[in-house]
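To start, the structure itself, in structure tokens.
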Amino acid sequence: MLRASMIRRTMEISTTILLKNTKSKIPKSQKGFMSTNSISNGVPKERVDCVVIGAGVVGISIARELALKGREVVVIESAPTFGTGTSSRNSEVIHSGIYYPPKSLKVNRCSSDGSELEQVGFASYEVLVTCWSDNSKLEEADLPFRIFALQAIFCVKGRELLYKYCSDHGVPHKQIGKLIVATRSSEVKILNTLLNRGIENGVEGLRMMEGIEAMRIEPELQCVSAVLSPASGIVDTHSLMLSLVGEAENHRATFSYNTTVIGGQLEGNQIHIHISESKNLDDKCIGKFPMLQPDLILIPNLVVNSAGLSALSLAKRFNGFKNGVIPASYYARGCYFSLSNTKTPPFKYLIYPIPEDGGLGVHVTLDLDGQVKFGPDVEWIDCIDDISSFLNKFNYSVCADRVDKFYPEIRKYYPNLKDGSLEPGYTGIRPKLSGPQQSPADFVIQGEEIHGVPGLVNLLGIESPGLTSSLAIAEHLASKYLK
Ligand SMILES: Cc1cc2nc3c(=O)[nH]c(=O)nc-3n(C[C@H](O)[C@H](O)[C@H](O)COP(=O)(O)OP(=O)(O)OC[C@H]3O[C@@H](n4cnc5c(N)ncnc54)[C@H](O)[C@@H]3O)c2cc1C
């Protein structure tokens, strides 16, 4: 079957063939913008067992899990290496699982255009597990559906798996604990809600603290009360991904970098995945839906769309979907500023304020070298065209002016923050399924039972706590979708 060298060779061959074939036959104006359908006859096709699209922490975890199960796996990544997307632009926090709506399992159905959600009932945890393992238990009328508990369940399970993985494989990490703080008495009610939600989610060791106690263990902190979460921690994300990639490759998974999935087509009962060399797309960022010509078509038994920020745009390019299953998408950039000129970090714990609309609030994160950063804030941004998003051409620049909003936010819990001590850090972008002022959306995992395309799984809206949840998502995916 297909191997890395083969895929690379096939890409080279197919490009050569394509160039030869197309030079004389395709009018110049159409080159690169032809319907994939119309030219697919001349494009080389390869059968493979499993394809994972995207080598972020989630895609890599899935590739590893499938490879460990003895399956042949090819990972298609548009960038020159793994982990260059959101997986290297986050807080690197191992979340405990407090924030996410608990296992009350509201079962929701998308409206016909996929944008609105209508609550259709409640399910028990057992029903959720049954849904995962046996989709026939779901009523046709309840599809497409979303169950608002995936973040809670994956985060708690993922955290356990992640700590164990890091310990077993020597991945640098530290369980340093977190304080979520109320800085005004009006916030204490929200803190109580978070505490109860965390307990319902099965997070161990949570405890409410009087402000005085919290300020005793963190002398630079100012708060009226706090929730202590001892299970929270930090991880070196790059080392984690490196270890997972190594393990996947040792189990014969193939990573094909500089290759981009540009769409797909349902042919008979099988999905055909259209692939192009990334360099051939560089000048194709025109318009939202340019028709593109693939260099290669892969025909997998299972394909996982784990393309992070572009998973939704890519899903729209897979022909054969049921109507109304692709939800609306939003993007929220988060910016970090780091604390300069500090010999010793002012805090030992991660310090989080009360969550804000679209994010968890400008919090304190420590990395394993003791560097302190604050962020991320929330800036709603417009989406970019499909091809630019596949090639990760998002605007990641830090707007220095945003620092003016950071100082007052941080001083609510860290009043001694000195003027001029914040330096621009980096940004990350959240792939969101709910917009400003809307209630937060859960992760969406769509298989054939939802969208009707056999062998295709879409992972949509995998924002925080996606890093913490990655190993649990992978485990779930393999147990539910591997045939
Ligand atoms: C600001 C911020 C802070 C966060 N903090 C935390 C945290 O502290 N803890 C936590 O648990 N989670 C956190 N998260 C969430 C976490 O970082 C993400 O959920 C996780 O990294 C998502 O991984 P992924 O593999 O789905 O996506 P990505 O890392 O974005 O990977 C997707 C990959 O797909 C590739 N790709 C895209 N399109 C194509 C295509 N068409 N063909 C081929 N390849 C393609 C991209 O190049 C990319 O490498 C944070 C997120 C943000 C934005």
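The values are calculated or read from the model by the stated rules, or taken from the named source; none is laboratory data. What you see is a predicted model, and the numbers here were worked out from it, not measured in a lab. Note that we place each Cβ from the backbone using ideal geometry, even for glycine, and neighbour counts take in every protein chain shown.
A few comments on the model shown:
- Pairs, first at positive phi and free of Cβ contacts under 8 Å to residues at least 24 places away in the same chain in segment 47-64, second of a type in the set (Phe, Trp, Tyr) and assigned to a strand (DSSP E or B), C-beta under 9 Å, six or more apart: none
- Sole exception among (1) among the hydrophobic types (A, V, I, L, M, F, W, C); (2) over 30 Å from Asp283 (Cα atoms); (3) in contact (Cβ under 8 Å) with a residue 60 or more places away in the chain; (4) within 16 Å of the ligand (Cβ to nearest atom) for Leu391, by number: (2)
- Only one entry of Ile217, Ile299, Ile212, Ile234 meets the criterion of being under 26 Å from His173 (Cβ atoms), surrounded by fewer than 17 Cβ atoms within 10 Å (Cβ to Cβ), of a type in the set (A, V, I, L, M, F, W, C) and at pLDDT 95 or above, and that entry is Ile217.
- The one condition in (1) over 23 Å from the mean Cα position of the chain (by Cα); (2) surrounded by 17 or more Cβ atoms within 10 Å (Cβ to Cβ) that His363 fails to fulfil: (1)
- Among all positions in segment 249-270, there is no residue which is among the β-branched types (Val, Ile, Thr) and at pLDDT below 95.
- Condition check for Lys483 on (1) within 13 Å of the ligand (Cβ to nearest atom); (2) among the basic types (Lys, Arg); (3) part of a loop (DSSP other than H, G, I, E, B): one failure, at (1).
- Taking residues in segment 191-219 that are touching a residue at least 24 places away in the same chain (Cβ under 8 Å), and partners anywhere that are exposed (fewer than 14 other Cβ atoms within 10 Å of the Cβ) and in a helix (DSSP H, G or I), the pairs with Cβ atoms closer than 9 Å and at least 6 places apart or on different chains are Leu206/Ile199.
- Residues that are surrounded by 12 or more Cβ atoms within 10 Å (Cβ to Cβ), over 14 Å from Arg333 (Cβ atoms) and more than 19 Å from the chain's Cα centre (by Cα), drawn from segment 407-441: Tyr407, Glu409, Ile410, Arg411, Lys412, Tyr413, Tyr414, Leu417, Ser421, Leu422, Glu423, Gln438
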